[in-house]
1. Please compute the modelled spin-label separation between residue 23 and residue 79, points set 7 Å along Cα→Cβ, answer in nm with one decimal.
2. Using a 7 Å offset from the Cα along the Cα-to-Cβ direction at both residue 92 and residue 34, what is the distance between the two label points in nm, to one decimal?
């Protein structure tokens, strides 16, 4: 199970669809409903499980809800692919909520 943040378009969408081609289940995260739905739909057409949970990755409450729903539905998360907005040049474990929100 892989969470793909920013899966609605661009690199995030490409990453999500590449993972589904390899039969990896994905949980695409995107703030844009129409783009997000298109990615989830295309992933399902490729016979991969794609959980549909729209979220704003810069909002801590949204992320908490997103993670809780993912764990309730799928019980595990193996990978995280972050293709949301801009990037920050620091290790993920050192990234605070404030740093994340600015990306």
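Quick note: the coordinates plus some simple rules give every number you see, no bench work behind them. Small disclaimer: the values here were computed from a predicted structure and weren't measured. Note that each Cβ is placed from the backbone with ideal geometry, even for glycine, and that neighbours are counted across all protein chains shown.
1. 1.5 nm
2. 3.1 nm
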